[in-house]
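Values in this text are rule-based calculations from the coordinates and carry no lab data. What you see is a predicted model, and the numbers here were worked out from it, not measured in a lab. Note: ideal-geometry Cβ built from the backbone for every residue, glycine included; neighbour counts use all protein chains shown.
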Ligand code: HEC
Ligand code: HEC
């Protein structure tokens, strides 16, 4: 499907991240965000962001254990309730969950899921993420494609383009 081209973008983001980690053995000091000014209450401190990252990694490791031996099968064959990421290999789905969705919005897995009950639909955010996924596919495949004279040969957006590590995308520059 056409959605697949956008999936590549999410997956590339996930891949870059793990390659970077293996090389450096953790985030370099330059990547650690500076503490937020006190007058911005909603902004997470460096320590909070780190614990969210660690929590996501812990959940990914748990699911990886559960699906051991089935990592390369299509997600729809490995998991129970897959509607948009059907053809993605199971291990790549986890990369998308961690980086493409979680890191992009600056949240842990539990923003959209009840931990350990990944197939359930208790939180509205899970379906919203599917709807956002479809919106992004429409932007990339139908809207951006029809804008002439763009510089990039393959102009696209993904979750990070709007969310930039936050649940609610900004309307104004800080
Ligand atoms: C922004 C929301 C969001 C976040 C954050 C998120 N997920 Fe998901 N997750 C989804 C959606 C949406 C699906 C269903 C995808 C589909 O229908 O193709 C899903 C599906 C899954 C599934 C498949 C469950 C099944 O059996 O059907 C697993 C496992 C999973 N997520 C684990 C995680 C883990 C682990 C994290 C954190 C690293 C995480 N998710 C973060 C939205 C999210
Ligand atoms: C074109 C900009 C844009 C893109 C791209 C985008 N989003 Fe959103 N997203 C929004 C806006 C705007 C909201 C609504 C925020 C609000 O409640 O005011 C939102 C809200 C959400 C919410 C609900 C958050 C909550 O807890 O209320 C989820 C989940 C979400 N987006 C996931 C995603 C995912 C996953 C992707 C990538 C597949 C994505 N978004 C791409 C603009 C975008």
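Using 0.36 nm per residue of separation minus the Cα-Cα distance, give me the extension gain between residue 147 and residue 171 in nm, one decimal.
Answer, rounded to one decimal: 6.4 nm.
Is the stretch 81-139 best put as rounded, prolate or oblate by its Cα gyration tensor, with a ≥ b ≥ c the root eigenvalues, rounded for a/c under 1.5, and otherwise prolate when a/b is larger than b/c, oblate when not?
It comes out rounded by the Cα gyration axes.
Computed FRET efficiency, Cβ-Cβ of residue 110 and residue 65, R0 25 Å: what is it to the nearest 0.05?
Efficiency at R0 = 25 Å is approximately 0.85.
Quick check on packing: order 148-155, 126-133 by the mean number of other C-beta atoms within 10 Å, highest mean leading.
The peptides rank, most packed first, as 126-133, 148-155.
Based on the alpha-carbon gyration tensor of the stretch 45-174 and its eigenvalue square roots a ≥ b ≥ c, which shape applies: rounded if a/c is under 1.5, prolate if not and a/b is larger than b/c, or oblate?
oblate
Along Cα→Cβ, 7 Å out, is where each label goes; now give me the distance between the ones at residue 121 and residue 134 in nm to one decimal.
My value for the distance between the label points is 1.2 nm.
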